[in-house]
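Working notes for the structure below.
Values in this text are rule-based calculations from the coordinates and carry no lab data. This is a predicted model, so every value here is computed, not measured. Cβ coordinates were reconstructed from backbone atoms using ideal geometry, including for glycine residues, and neighbour counts include every protein chain displayed.
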Protein chains: 2
Amino acid sequence: MTQADGGETVLSRATRVLEAFRPGTPSLTASDISRRTGIPMASTHRLVAEMVRLGLLEKGPDRLLRVGVRLWELGWRSTSALGLRDLAMPYLEDLQSVVRQHTQLALLEGTDVLYIERLSARGQTTVNITRVAGRLPAHTCSSGLVLLAFGSQDLQERVLTSELHRFTSRTVVDPAELRRRFADTRRRDSATLAGSVHLDAAGVAAPIRNRDRTVVAALSVIVPNSPDTVSSALPAVMATARGITRALHHHPDATR
Amino acid sequence: MTQADGGETVLSRATRVLEAFRPGTPSLTASDISRRTGIPMASTHRLVAEMVRLGLLEKGPDRLLRVGVRLWELGWRSTSALGLRDLAMPYLEDLQSVVRQHTQLALLEGTDVLYIERLSARGQTTVNITRVAGRLPAHTCSSGLVLLAFGSQDLQERVLTSELHRFTSRTVVDPAELRRRFADTRRRDSATLAGSVHLDAAGVAAPIRNRDRTVVAALSVIVPNSPDTVSSALPAVMATARGITRALHHHPDATR
C-alpha cells in the first residue's frame, strides 16, 4: 500500500482525519485537524484538499471543514446498519407509541455499543444520553449487557480484564458482579440497568437474533429510574424484540 | 498526494471501491470490485485488505465484503445529515401520524435528491420508491422540484441542459415545462408531482429554510396518485415544513 510520510498509509491518515470530527465539534479548521491527528500541517492541507475534492469532507461558506454528506451516504451501503434498521423501524415506532420513552436499536462495535437508531420521546423528563451513531462502553448500558451476555467468551474476557469506565456511583465495574449480570441476562433473556449512565435513568433491553439464533442487536428503552417504570416497560421491549427477530427470519440478508 | 499506479490517488481509488457497493448488491467479492472499478486485481486485493483493517470494509463469515459499520458511524459526524435529521425527526413523526403515508426529508446533492430520513407507512398500498440514503434525479420528484425551484440559476441551467431521465410517461422532461413548474413551485411555496416516478404514486413537497431564508431541505410525502389524496396532504406538509423551519431558526448549527 502506498505510504505517506512517516510510514503511515494515506488511507489510514484519511481515516484519522475523519475521526478528528466529533459530535461536539462537527466543524474544524485544517489547523484543528493537524493538531488533533498529529499529521504535519503541510500534509494535512494536501490530504484535506483531496478529501474535499472526493466529497469525503465539505468546506462551508464559513471556510470550516465538515464531514461530507457523501460519506454518510456511502456509509448507508453498510448492510448491517441499513438492512436491520429499515426492518426494525416500524417495530421501534410501535414500541415507542406504547411506552412513550426513548427507544433504541444497538449493535456491538468492539467493546462499545453503537446506536443505529433512536426515536426520542418528546415531553419526557428522561435524560437524553444516546444519539444515532453514538457509542457507550457496553458494560455501562442495558443494550451492552445483552450484547455482552450473549457474546463470545473471548469478548467477555476482553471487557472484564479492561479498565472499566464508571459514569456514576451505580455503574457496575466489578468483574465478578458483571459476570453475574451476564448470567442473569441470559436466564431472563433481557437486561435492566438503573442509574448506570445517569442516576435519573434506567435502561431495559432485549436481544434480537438472526436466523441461526445468534444475537445480532439489542432493542432498548430508556425510562425514568424507578422500579415501576422498568417493570412496566420490560414486557413490551421483550415482545417487540421477538417481533423483530421473527421479521429477520424472513429477511436473513438484513444482518451481517 | 501520494499516487497509486496509473496516476490515480489511493484515496480516489478507495472512494471508488466504496461506490462499487450499491443498495441491490451490498456484498461483493474482490473480483466483483475489481471488475466494477476497473482497478487491477492485485491492487484491488491490497486496497481491500487495508480497508478491512481500517474498518471501512468488513469481511463476513461468508467471505464476502461489505461496507463497514465504521464508515456509517463516521458519516453521521456530517452535521448537515445529523443535525437537520435529529431536529426534524419529531416533526416527521407527527406528520406521518396524521397523513399515514411515506414521509421523507431530502437534501440536494449535485442534481440529485438525497433522502436523509424516511418514515414508511405500513399497510399503505403506496409504492415504495425511496429509502434512507437513496437518490432520485431532482427533476423527477416533488422534493427535487422544490430544491431546484429555490436553487441557483446555475443549478437550474445545469439540470435543464442535461439529459433528463424519464421513469414514466408522466415524468416531465421538457425544459420549458420544467421552468414553468419551478415558477409555480416558488409561487405556491410547495410542489406536487403525480405519476412522475411511478404512475400509481404522487409526491407533495414543501421547502425547509435556514435562518437566512435559504432553502436547505425539502419535506415530502408520497401518496396514492389521486387529486383527493394530494390536496388533503398538502396543507399538512406545508405546515410541518414551516414548523421545522421555525425550529431551525433556534438551532442554526443544524444546517451547513
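Distance between the pseudo-spin-label points of B:Val172 and B:Glu157 (7 Å out from Cα toward the beta carbon): 2.1 nm.
Remark on A:Arg209: its backbone amide H falls under 5 Å from those of A:Val216, A:Thr245, a criterion applied only to residues 5 or more positions apart or on other chains, H modelled at 1.01 Å from N. With θ taken as phi - 60° and the Karplus curve 6.51 cos²θ - 1.76 cosθ + 1.60 applied, the whole-hertz 3J(HN,Hα) list for region B:149-156 is 4, 9, x, 6, 4, 3, 4, 4 Hz, x standing for glycine and proline. Relative to the longest principal axis of the Cα atoms of chain B, the long axis of helix B:175-188 lies at roughly 60 degrees.
For region A:32-106, the calculated P(r) over all alpha carbon pairs, in 10 Å bins from 0 to the bin holding the longest distance, is 16, 30, 22, 22, 11, 1 percent. Give me log10 I(q)/I(0) at q = 0.18, 0.28 Å⁻¹ for region A:5-74, Debye formula, one equal scatterer per alpha-carbon, no solvent. Per q value, in the given order, log10 I(q)/I(0) is -0.61, -1.51. Between the alpha-carbon centres of region B:162-210 and region A:154-189 there is a gap of 55 Å. Summarising the label geometry, the points placed 7 Å from Cα in the beta-carbon direction at A:Arg46 and B:Thr25 lie 3.4 nm from one another. The local environment of A:Gly55, defined by Cβ-Cβ distances under 10 Å, has a net charge of -1 under the rule Lys, Arg +1 and Asp, Glu -1. Remark: label point of A:Met41 defined 7 Å out from Cα along the Cα-Cβ vector; separations to the same position in other copies 4.8 nm, ascending.
Put simply, the amide H of B:Asp112, placed in the peptide plane, has neighbours under 5 Å in B:Ala138, leaving out anything fewer than 5 places away on its chain. Its DSSP H runs of at least 4 residues, each contributing -39,500 (n - 2.57), put the calculated 222 nm mean residue ellipticity of the protein assembly as shown at -14000 deg cm²/dmol, to the nearest 500. Distances between copies of B:Glu157, taken at a point 7 Å out from Cα along the Cα→Cβ vector and listed shortest first: 6.8 nm. Convex hull of alpha carbon positions in chain B: directionally averaged projected area 15.9 nm². The long axis of helix B:79-99 is offset from the longest Cα principal axis of chain B by roughly 50 degrees. If you wrap region A:146-239 in the convex hull of its Cα atoms and look at it from every side, the mean projected area works out to 6.1 nm².
To the nearest ten degrees, helix B:41-53 and the longest principal axis of the Cα atoms of chain B are 70 degrees apart. Residues A:Ser232, A:Ser27, B:Ser34, ranked from the fewest to the most other C-beta atoms within 10 Å, line up as A:Ser232, A:Ser27, B:Ser34. Measuring from each Cβ of chain A to the axis that turns chain A onto chain B, the shortest distance belongs to A:Gly75, 2 (residue, then whole Å).
Spatially, region B:41-101 and region A:38-93 are offset by 9 Å when compared through their Cα centroids. Here region B:12-51 is treated as a Stokes sphere of Kirkwood radius computed over C-alpha pairs; at 4 °C and 1.567 mPa s its diffusion coefficient rounds to 131 µm²/s. Going from the residue with the fewest nearby Cβ atoms within 10 Å to the one with the most, A:Asp212, A:Asp112, A:Asp184 rank A:Asp212, A:Asp184, A:Asp112.
When each pair of different Cα atoms in the protein assembly as shown is counted once in the 1/r mean, what is the Kirkwood radius in angstroms, to one decimal? Evaluated on the protein assembly as shown, it is 24.1 Å.
Placing +1 on each Lys and Arg Cβ and -1 on each Asp and Glu Cβ, with no other charges, gives chain A a dipole about its Cα centre of roughly 120 debye.
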